[in-house]
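A short worksheet on the structure shown next.
The values are calculated or read from the model by the stated rules, or taken from the named source; none is laboratory data. A quick note: this is a predicted structure, and the numbers were derived from the prediction, not measured. With ideal geometry, Cβ positions are generated from the backbone for all residues, glycine too; neighbour counts draw on all protein chains shown. Note: areas computed on protein heavy atoms with side chains; ligands, DNA, RNA excluded. Shrake-Rupley method; radii C 1.70, N 1.55, O 1.52, S 1.80 Å.
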Amino acid sequence: NAEYMGFPFPSLPRRRSATHERSVMKAIWNGAVIAQSDDIVTIEGNHYFPESALNRDHVTFSNHHTMCAWKGQASYYSLLVNGEMNTDAAWYYPDPKPEAEEIKGRIAFWKGVK
């Protein structure tokens, strides 16, 4: 087994199961709704919203990237709400590996986004 950022992962990526939520879910940070949708894909505890659900008024560019062994390269957005910046608080996979095709065109959040 190899490690990535100190966490073990299998040498050969395997398909992870995804669940699809149909109740309305919101991503909120600093009092603003960043995304809202009833079409959520959940993988490994992360809720992926469709790109169309993103409130672009609060999203700004980030040049940060990370690599996941089975999903591929992640790109990031930062959030800007009421003059406060939450750097790299949203991520997405512009070209996910085949095992992660369910999250293509979807965005997930962390860093205090509820």
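Any idea how many residues of region 59-109 are in a loop (DSSP other than H, G, I, E, B) and either free of Cβ contacts under 8 Å to residues at least 24 places away in the same chain or over 14 Å from residue 44 (Cα atoms) (or both)?
Matching residues across region 59-109 total 9.
All but one of (1) in contact (Cβ under 8 Å) with a residue 60 or more places away in the chain; (2) open to solvent by 10 Å² or more (accessible area, probe 1.4 Å); (3) under 13 Å from the mean Cα position of the chain (by Cα) hold for residue 50; state the number of the condition that does not hold.
It fails just one condition, (1).
Can you tell me which residue within region 76-114, out of those that are within 14 Å of residue 35 (Cβ to Cβ) and aromatic (Phe, Trp, Tyr), is surrounded by the fewest Cβ atoms within 10 Å (Cβ to Cβ)?
110
Find the residue count for region 54-75, including only residues that are of a type outside the set (D, E, K, R), out of contact with any helix residue (DSSP H, G or I) (no Cβ under 9 Å at 6 or more places or on another chain) and open to solvent by 20 Å² or more (accessible area, probe 1.4 Å). If you could, list the steps in order and put the result at the bottom.
Of the residues in region 54-75, the ones of a type outside the set (D, E, K, R) are 54-55, 58-70, 72-75.
Checking which are out of contact with any helix residue (DSSP H, G or I) (no Cβ under 9 Å at 6 or more places or on another chain) leaves us with 54-55, 58-67, 69, 73-75.
Next, only the ones that are open to solvent by 20 Å² or more (accessible area, probe 1.4 Å) stay: 55, 58-61, 63-67, 69, 73.
Residues that pass the stated criteria total 12.
Just for region 39-58: of the residues that are at pLDDT below 95 and assigned to a loop (DSSP other than H, G, I, E, B), which one is farthest from residue 101 (Cα to Cα)?
45
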